[in-house]
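Peer 1: Once you've had a glance at the structure underneath, I'll fire off some questions.
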Amino acid sequence: MIDFILSIRQLFVFIFFITGIYFLLSTAVGLIRFPNLYTRLHAGSKCLMAGGISVFMGCIVLEGISFVSLKLIVIMIFLSITNPVTIHVIASFDNNYNLIPKTYTKEDFEK
Amino acid sequence: MLYLILVIVLTAILTFYRVIKGPSLPDRLVAMNCIGVMFLLVLVLLSFYFERKIFIDVALVYGVFLFINVLIMAKYLRKPWKGGVGD
Amino acid sequence: MSRLNERFKKLYKIGLVITFAIFLFFLFYDIHNLDSDGKRYLSEHYISEGVQETGATNLVASVLYDYRAFDTLGEATVILTAATILAFLVPITKATMFGTTFKSIVNQTITLIIPFLAVLGAYLLLFGHLSPGGGFVGGVVLSVIPILLTITYSVDFSEYIFKPAQKKLVENIGAIGFVLLGLLGVFTGSNFLASGQAPFGTGSAGEVFSAGLIPYLNLMIGLKVGAGLAIIFNSLIKEK
Amino acid sequence: MRKKLLTFILTLALWFVFAGHVSIQVFFLGTIISSFISLMMAENLFRLIQLKDGTKDFPKKTYDIFMVIIAFIYDVFLSAVKVSRHAFEIKPSFSPRIVRIKTSLKNSNSIATLASFITFTQGSLALDFDHINNQYVIHWIDVHSDDEEERKIARIRKHLNLIAKIVD
């Protein structure tokens, strides 16, 4: 009975790690092959977070119920809160990046 | 476990192509953010490989600094104007 | 002549890389062969007897704050000097910087994660002798809070919440408290900054209140580094 | 007072997770630190959330938060499959479009939550937020016709109702 539960746990860990590798590889391939910035932002937000969450879930199943898995859950929540904000900041940075040098002329700097 | 770490490092090296090539500055920022998260995963997996669970604290602090780093870069980096400081 | 000059410039970079590689190779070769000689008696002593003598399970903390604590005092003085000189030299007038302005989405998220950062910094400060971390890392994490307030709102708002005089006071408390804690060793009849040899009692290793003076020294270094970095960042960003 | 108590309990739980073991000394230190943090920051943390009904409908609210988390994880994986399918095509084909969507949310806390939800739904990315007209600027990865656009906007409205139930 115990062997059965152990093999089930190994199977779940294996499935989670394989999906994580697939999403991380698709992140790298997408960043190389996509044509412009906004489509690259899609690859950098969704595939990356799916890969990260699945690798963390594999580690949690491998560890079991303890304080270490609670700490892993804290890191997971922190990443999933901050990553959309990072992507939004880079996108709005690109908007201003193209706009600002046109709106300031040379006379503004001489003042 | 060791093969998993090697595959993640290989994807990070693939992503580094975009950092070198990238035509504009936001492309490089996105690629750098991706490399940072991948190495955070490597740190977590290394703590499982060496069976020292206390190293997860290092990954936590690394995640905090990654967020701050990208925010400050996105705020103050810009295209240099003619006759300015960076020209 | 100019063509020769260009070729020399190219060869100069390649030669620099090769020289550096050879230097690193010899360095690593020496470190790798360190085992064969009898040069490691000091580190063997630290590894085998460090936990018993100082009471800290983190061996790096036991070296930094017990065996070589006097070096740490010198390192911490560097930050104090840098903060005072920057606050003295940088002019007070403010200029416009062309940074991008953040929307309310960023502000709300930062308001959510600031208590998390405060708890993380306090944990790294107070558990420096049990886990990786310690005074320097904990101080940097604590100083991230004023830096975040500066880059999302403005310098004025950040200096309204954490006043510059308060930050100076906290840094001075850290600097003076370190020396006063070191003098405690002299009063009990042993050396300056001694915690393992002085008769304080190291406690049982692995608990929170143990390891003699090390947690308190960690706390002082953390306060000093955190306040110092916040002062340096706020005096360099002169945004209107 | 209720806000301070909630902040105190949350930070104390976070402290125990970091510390890694439970003993009297850890509890003593954690009480000091989390009371200090909750006295300083409770007003700023819950500045814009109105706790109108109090503890009366606590089980219903917990159920709603649970539903939001399930929807979040489901959306992340479904959208990642869709983008990764584009990455492994022989010739990557897109038809991007930029759309503006008007919202009825007034709370700036729920606006931030909805922005991170939009980033993780299928094929959409929140580029910017317009404070004057109260609308999002959204980039879609593949929209082929106007008919399809309507269907995708309806999917965002579902998230909007879900979030308006919890924080608004």
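Peer 1: Which condition number does D:L127 fail, the rest of (1) closer than 18 Å to D:R151 by Cβ; (2) facing chain A (nearest Cβ under 9 Å); (3) part of a strand (DSSP E or B) being met?
Peer 2: The one condition D:L127 does not meet is (1).
Peer 1: Further question: Do we have any residue at all in the stretch D:97-107 that's within 8 Å of another protein chain (Cβ to nearest Cβ) and open to solvent by 20 Å² or more (accessible area, probe 1.4 Å)? So that I can check it myself, show each step before the final result.
Peer 2: Of the stretch D:97-107, the ones within 8 Å of another protein chain (Cβ to nearest Cβ) are none.
Taking every residue of the stretch D:97-107 in turn, none turns out to be within 8 Å of another protein chain (Cβ to nearest Cβ) and open to solvent by 20 Å² or more (accessible area, probe 1.4 Å).
Peer 1: Applying the selection to the stretch C:150-184, what residues are in contact with a strand residue (DSSP E or B) (Cβ under 9 Å, 6 or more places away or on another chain) and assigned to a loop (DSSP other than H, G, I, E, B)?
Peer 2: C:S154
Peer 1: Here is a follow-up. Output yes when any residue across the stretch A:37-45 is charged (D, E, K, R) and open to solvent by 90 Å² or more (accessible area, probe 1.4 Å), and no when none is. Quick ask: steps written out before the conclusion?
Peer 2: First pass over the stretch A:37-45, keeping only residues charged (D, E, K, R): A:40.
Now drop any that are not open to solvent by 90 Å² or more (accessible area, probe 1.4 Å), which leaves none.
No, every residue in the stretch A:37-45 fails to be charged (D, E, K, R) and open to solvent by 90 Å² or more (accessible area, probe 1.4 Å).
Peer 1: Please state which one of D:A126, D:A115, D:A154 is open to solvent by 10 Å² or more (accessible area, probe 1.4 Å) and either within 18 Å of the chain's Cα centre (by Cα) or at pLDDT 75 or above (or both). Please lay out each step first, then the result.
Peer 2: Working: D:A126 fails: open to solvent by 10 Å² or more (accessible area, probe 1.4 Å); D:A115 fails: open to solvent by 10 Å² or more (accessible area, probe 1.4 Å).
One residue alone meets the criteria, D:A154.
Peer 1: Does the stretch C:13-34 contain any residue that is open to solvent by 100 Å² or more (accessible area, probe 1.4 Å), out of contact with any strand residue (DSSP E or B) (no Cβ under 6 Å at 6 or more places or on another chain), part of a helix (DSSP H, G or I) and within 30 Å of C:S204 (Cβ to Cβ)?
Peer 2: Among the residues of the stretch C:13-34, not one is open to solvent by 100 Å² or more (accessible area, probe 1.4 Å), out of contact with any strand residue (DSSP E or B) (no Cβ under 6 Å at 6 or more places or on another chain), part of a helix (DSSP H, G or I) and within 30 Å of C:S204 (Cβ to Cβ), which makes the answer no.
Peer 1: Now for a different question. Pick from the stretch C:162-190 the residues that are small (G, A, S) and without any contact (Cβ under 8 Å) to a residue 12 or more places away in the chain: which of them is surrounded by the most Cβ atoms within 10 Å (Cβ to Cβ)? Explain how you work it out, then say what you get.
Peer 2: Filtering the stretch C:162-190 for residues small (G, A, S) gives C:165, C:174-175, C:177, C:182, C:185, C:189-190.
Then drop every residue that is not without any contact (Cβ under 8 Å) to a residue 12 or more places away in the chain, which leaves C:165, C:189-190.
Numbers: C:A165: 8, C:G189: 10, C:S190: 15.
The qualifying residue surrounded by the most Cβ atoms within 10 Å (Cβ to Cβ) is C:S190.
Peer 1: Taking only pairs six or more apart or across chains, which ones have beta-carbon atoms under 9 Å, a first residue in the stretch D:84-108 that is without any contact (Cβ under 8 Å) to a residue 40 or more places away in the chain and in the same structural domain as D:E148 (by TED's automatic domain parsing), and a second residue that is open to solvent by 20 Å² or more (accessible area, probe 1.4 Å) and assigned to a loop (DSSP other than H, G, I, E, B)?
Peer 2: What qualifies is D:P92/A:P35; D:R100/D:N133; D:K102/D:N133; D:K102/D:N134.
Peer 1: Can D:H131 be described as in the same structural domain as D:I69 (by TED's automatic domain parsing) and open to solvent by less than 30 Å² (accessible area, probe 1.4 Å)?
Peer 2: Working: in the same structural domain as D:I69 (by TED's automatic domain parsing): yes; open to solvent by less than 30 Å² (accessible area, probe 1.4 Å): no.
No.
Peer 1: Does C:T111 satisfy being free of Cβ contacts under 8 Å to residues at least 60 places away in the same chain, in a loop (DSSP other than H, G, I, E, B) and facing another protein chain (nearest Cβ under 7 Å)? Don't jump to the end; show me each part of the working.
Peer 2: Values: free of Cβ contacts under 8 Å to residues at least 60 places away in the same chain: yes; in a loop (DSSP other than H, G, I, E, B): no; facing another protein chain (nearest Cβ under 7 Å): yes.
For C:T111, the condition - free of Cβ contacts under 8 Å to residues at least 60 places away in the same chain, in a loop (DSSP other than H, G, I, E, B) and facing another protein chain (nearest Cβ under 7 Å) - is not met.
Residues checked against (1) at pLDDT below 85; (2) more than 29 Å from D:F18 (Cα to Cα):
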| position | (1), (2) |
| --- | --- |
| A:T27 | no, yes |
| A:T39 | yes, yes |
| A:S45 | no, no |
| A:A50 | no, no |
| A:S69 | no, no |
| A:V74 | no, no |
| A:F109 | yes, yes |
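Peer 1: Would you point out the residue of the stretch A:64-82, among those that are without any contact (Cβ under 8 Å) to a residue 24 or more places away in the chain and facing chain B (nearest Cβ under 8 Å), that is farthest from the chain's Cα centre (by Cα)? So that I can check it myself, show each step before the final result.
Peer 2: Start the filter on the stretch A:64-82 by keeping residues that are without any contact (Cβ under 8 Å) to a residue 24 or more places away in the chain, which leaves A:64-75, A:77-78, A:81-82.
Checking which are facing chain B (nearest Cβ under 8 Å) leaves us with A:68, A:71-72, A:74-75, A:78, A:82.
Working: A:V68: 21, A:K71: 18, A:L72: 15, A:V74: 15, A:I75: 12, A:F78: 11, A:T82: 10 Å.
Per the stated criteria, the residue is A:V68.
Peer 1: Would you mind finding the one in C:I47, C:I85 that is open to solvent by 90 Å² or more (accessible area, probe 1.4 Å) and either at pLDDT below 80 or part of a helix (DSSP H, G or I) (or both)?
Peer 2: Details: C:I85 fails: open to solvent by 90 Å² or more (accessible area, probe 1.4 Å).
Only one candidate qualifies: C:I47.
Peer 1: When you look at B:L46, is it open to solvent by 10 Å² or more (accessible area, probe 1.4 Å), facing another protein chain (nearest Cβ under 7 Å) and either at pLDDT 90 or above or more than 21 Å from A:L41 (Cβ to Cβ) (or both), yes or no?
Peer 2: No.
Peer 1: So, one more: Give me a count of the residues in the stretch C:132-155 that are within 19 Å of C:M220 (Cβ to Cβ) and facing another protein chain (nearest Cβ under 7 Å).
Peer 2: Qualifying residue count, the stretch C:132-155: 3.
Peer 1: Filter the stretch A:1-27 down to residues that are of a type in the set (S, T, N, Q) and either open to solvent by less than 40 Å² (accessible area, probe 1.4 Å) or more than 16 Å from A:C59 (Cα to Cα) (or both), then give me how many there are.
Peer 2: Our first condition is that a residue be of a type in the set (S, T, N, Q); within the stretch A:1-27, this holds for A:7, A:10, A:19, A:26-27.
Of the ones still in play, those that are also either open to solvent by less than 40 Å² (accessible area, probe 1.4 Å) or more than 16 Å from A:C59 (Cα to Cα) (or both) are A:26-27.
Total meeting the criteria: 2.
Peer 1: For the stretch C:121-131, how many residues meet the condition of being in a helix (DSSP H, G or I) and more than 7 Å from every other protein chain (Cβ to nearest Cβ)? Talk me through it step by step, then tell me what you get.
Peer 2: Filtering the stretch C:121-131 down to residues in a helix (DSSP H, G or I) leaves C:121-126.
Retained after the next criterion (residues that are more than 7 Å from every other protein chain (Cβ to nearest Cβ)): C:121, C:124-125.
Going through the stretch C:121-131 one residue at a time, the tally reaches 3.
Peer 1: Same structure, new question: Just a yes or no: is a residue in the stretch C:96-108 more than 14 Å from every other protein chain (Cβ to nearest Cβ) and under 16 Å from C:L236 (Cα atoms)?
Peer 2: no
Peer 1: Another question, if that's okay. Report yes if some residue within the stretch D:134-150 is modelled with pLDDT under 75 and of a type in the set (G, A, S); otherwise report no.
Peer 2: Scanning the stretch D:134-150, I find at least one residue that is modelled with pLDDT under 75 and of a type in the set (G, A, S), so the answer is yes.
Peer 1: Here's a follow-up. If we keep just the residues of the stretch C:203-228 that are among the hydroxyl-bearing types (S, T, Y) and open to solvent by 40 Å² or more (accessible area, probe 1.4 Å), which is modelled with the lowest pLDDT? It would help to see each step written out before you state the result.
Peer 2: Pass one, the stretch C:203-228, residues among the hydroxyl-bearing types (S, T, Y): C:204, C:210, C:216.
Subsequent filtering for residues that are open to solvent by 40 Å² or more (accessible area, probe 1.4 Å) retains C:204, C:216.
Numbers: C:S204: 72, C:Y216: 86.
Among those that are among the hydroxyl-bearing types (S, T, Y) and open to solvent by 40 Å² or more (accessible area, probe 1.4 Å), it is C:S204.
Peer 1: Would you point out which residue out of A:V61, A:V55 is in contact (Cβ under 8 Å) with a residue 24 or more places away in the chain and farther than 19 Å from D:V76 by Cα? Steps first, please.
Peer 2: On the way: A:V55 fails: farther than 19 Å from D:V76 by Cα.
Answer to the selection: A:V61.
The values are calculated or read from the model by the stated rules, or taken from the named source; none is laboratory data. Predicted model, so just to flag it, every value in this text is computed and none were measured. Please note: Cβ atoms are built from the backbone with ideal geometry, for glycine as well, and neighbour counts cover all protein chains shown. Just the protein is used for accessible areas: all its heavy atoms, side chains included, with ligands, DNA and RNA removed. Shrake-Rupley method; radii C 1.70, N 1.55, O 1.52, S 1.80 Å.
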